[in-house]
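The structure appears right after this line, and notes come after that.
The values are calculated or read from the model by the stated rules, or taken from the named source; none is laboratory data. Everything quoted here is computed from the prediction, not taken from an experiment. Cβ coordinates were reconstructed from backbone atoms using ideal geometry, including for glycine residues, and neighbour counts include every protein chain displayed.
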2 protein chains.
Amino acid sequence: MTRSLDRLTLLETFVRIAERGSISAAARDLGLSQASASRQLADLEERLGTQLIIRSTHHLSLTKAGERCLGDARLMLAEWEGFAEGFAGDADRIAGPLKIVAPVALGQTVALDCAMAFQAAHPDIVLDWIVDDAPIRFSEVGCDLWLRVGAVPDETLIVQPLAKVQRIVVAASGLAGSVDGDPQALTALPCAALHPFEGGRLPLTGPSGEATNLDARVTFASNSIAATKRVAIAGGGYAVLPRWMVAEELEAGTLIEPLPGWRAPPLTIHAAFAPARRQTRRLRLFIDAMREALAGLA
Amino acid sequence: MTRSLDRLTLLETFVRIAERGSISAAARDLGLSQASASRQLADLEERLGTQLIIRSTHHLSLTKAGERCLGDARLMLAEWEGFAEGFAGDADRIAGPLKIVAPVALGQTVALDCAMAFQAAHPDIVLDWIVDDAPIRFSEVGCDLWLRVGAVPDETLIVQPLAKVQRIVVAASGLAGSVDGDPQALTALPCAALHPFEGGRLPLTGPSGEATNLDARVTFASNSIAATKRVAIAGGGYAVLPRWMVAEELEAGTLIEPLPGWRAPPLTIHAAFAPARRQTRRLRLFIDAMREALAGLA
DNA sequence: TCGCGTCATACGTTAAACGTATAGCAAATT
DNA sequence: AATTTGCTATACGTTTAACGTATGACGCGA
């Protein structure tokens, strides 16, 4: 009987090497010698009959086969973990890493509060919290959960809606004081537009369900919602922003709602994660907690 | 760094033990000593933190956890195999076991011919060919492919249609010689019905698309299509049978078609197999070959 | 040029998986 | 009832391969 080191351990080592871009760094992370890590990678390559990583002394890169292997390896490792977790005697212990990418605005406010509360409730969870509004390459980042406002541009992922975000038109009173509830008056004003949700057209729904689609004179465009909000506060243009995000400014009068009762199309916050037949309990619980926390944004 | 024997190897050993119901028999199959097999099972139980198999000297049985583990273990092993196969350098070599359950009639004729041709083309394939008309418990049998006429009563499986089977009314001429193309005349004759496809009602479609639904006087019922055919030949009743299955008898005059041009509802032959993100190449190729072979039955 | 960090590999050491042997048990056979 | 057969678990010495240390070749930056 030929013995073999654990194939799943070989995959773990490979994934860590790919993520760190260095055999030595991965070895340190995993508590191995550099020589062992190097040999395990070679062992995996031999088993699969193909080269996965192109080596050089200062730069490792994945082959095409290595890229495919990375995605599959992660899934198989996640499946083992979900599987083994399903038998664990200690059903109450929630532990292990969670790497999460969240949008900047939510990731520094509501979602972050939720994540901190989750960690306080489960102290053995290790959170890796990344805020980023840009679309990520999920398979490269190696995260467990991607919180995303709007569409998730990756059809390989499982995408679940968590909450809808109510959006309204807001502006500084000096800019929009004369609008007086008339949507058409907006077309004369500058617009601070948020990529990729707003462009030259602005669909709105009124208090009685009436619809209109305004031309927007975009004078400022950004993919940063924080920047868009700041421009609106400074009077540089009206903006379409989530109500939760401008509640304080509306209360303080720093911003007004020039079209009371009118709504821009709501956006959906999605949870996106890799398909595996069993998700780890900590991920499932985290998603549930996040769904509950975001429910108040509607 | 603690070394560990391959977790996937532990799963393989467990699956074989469960299938054979004996640690010793599994050890012989796998080329291990009985002691090693016993230890590997104990090792897996220790890793998962739960007992999987209840031991006795003459009868092993799975615990509840063991039953769940069996299904998941098979899937994870299949996923590794599909994964590793995707990297194999020798893309042309088709090898390994295929365990297939087929309906009795097809499994002794057309489908068997196809399977034998497939094996002749790929001699390294090991076929385990089981004919059985009864519904199987897929997860217990541990087969790769279930060929099934009609519905597949297991929603956990991937089910793909392979072919439609054209069915006609046939009878011995001594019984049905006076029917003379009139469907209603059938209601006076005894019917040999095949479970679960025929009962007291017989829907038929005529040559011009006209539909009728006859009362069937069932005097013989069986779940065996071969028995039903035999009764028809012997003049014990008319039967609804696939055209492919009675072609010779029609040619020889042993059976006649009392309602030329009329059809019973066709049945679909399905291929059912376990979901895995990657199917082994041999299974994919086999299913393709079977689909092609059965295409002539319509 | 020098120093540092990288990866691959040789070599002796280590850890764990191996098979053989044995004991206890249950069922079938004589 | 006694014997035979086949089962599983475990002790023990053996075997195997994975381990870490050491070293050489290489590339990059100061």
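Listed values, structure above:
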quantity: Matching residues in segment A:26-45 - criterion: being more than 11 Å from every other protein chain (Cβ to nearest Cβ) and among the charged types (D, E, K, R); calculated: A:ARG28, A:ASP29, A:ARG39, A:ASP43
quantity: Residue under evaluation B:GLN34, criteria (1) within 11 Å of DNA strand C (Cβ to nearest atom); (2) buried (at least 18 other Cβ atoms within 10 Å of the Cβ), criterion not met; calculated: (2)
quantity: Entirely in segment B:184-295, the helices (runs of 4 or more DSSP H) that have 1 or more residues that are assigned by TED's automatic domain parsing to the domain that holds B:ALA121 and under 17 Å from B:GLN166 (Cα atoms); calculated: B:281-294
quantity: Search result, residues across segment B:12-60 that are near DNA strand D (Cβ under 8 Å from one of its atoms), hydrophobic (A, V, I, L, M, F, W, C) and not in a helix (DSSP H, G or I); calculated: B:ILE53, B:LEU60
quantity: Evaluation of B:ALA84 against (1) among the small types (Gly, Ala, Ser); (2) away from chain A (no Cβ under 11 Å); (3) in a helix (DSSP H, G or I) (one fails), failing number; calculated: (2)
quantity: Candidate set: segment A:1-25, residues that are touching a residue at least 60 places away in the same chain (Cβ under 8 Å) and more than 7 Å from every other protein chain (Cβ to nearest Cβ); chosen: the one surrounded by the most Cβ atoms within 10 Å (Cβ to Cβ); calculated: A:LEU11
quantity: Residue that is surrounded by the fewest Cβ atoms within 10 Å (Cβ to Cβ) [pool: residues in segment A:142-159 that are out of contact with any helix residue (DSSP H, G or I) (no Cβ under 7 Å at 6 or more places or on another chain) and over 30 Å from A:GLY237 (Cβ atoms)]; calculated: A:GLU155
quantity: Enumeration of residues in segment B:66-111 that are in contact with a Leu (Cβ under 7 Å, 6 or more places away or on another chain) and not aliphatic (A, V, I, L, M); calculated: B:GLY66, B:CYS69, B:TRP80, B:PHE87, B:PRO103
quantity: Segment B:20-45, residues that are at pLDDT 90 or above and either assigned by TED's automatic domain parsing to the domain that holds B:GLY142 or of a type in the set (D, E, K, R) (or both); calculated: B:ARG39, B:ASP43, B:GLU45
quantity: Residue within segment B:258-267 that is within 18 Å of the chain's Cα centre (by Cα) and over 30 Å from B:GLN184 (Cα atoms) present; calculated: no
quantity: Hits in segment A:219-233 - residues which are more than 10 Å from A:LEU194 (Cα to Cα) and in contact with a strand residue (DSSP E or B) (Cβ under 8 Å, 6 or more places away or on another chain); calculated: A:THR219, A:VAL231, A:ALA232
quantity: Neighbours by Cβ (under 6 Å, 6+ apart or cross-chain): first from segment B:59-76, within 12 Å of another protein chain (Cβ to nearest Cβ); second in a loop (DSSP other than H, G, I, E, B) and not hydrophobic (A, V, I, L, M, F, W, C); calculated: B:THR63/B:GLN51; B:ALA65/B:THR50
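The rows are residues; the columns are (1) part of a helix (DSSP H, G or I); (2) farther than 26 Å from B:ARG230 by Cβ.
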residue	(1), (2)
B:GLY66	yes, yes
B:LEU75	yes, yes
B:GLU79	yes, yes
B:ALA88	no, yes
B:ARG93	no, yes
B:LEU98	no, yes
B:LEU106	yes, no
B:ALA111	yes, no
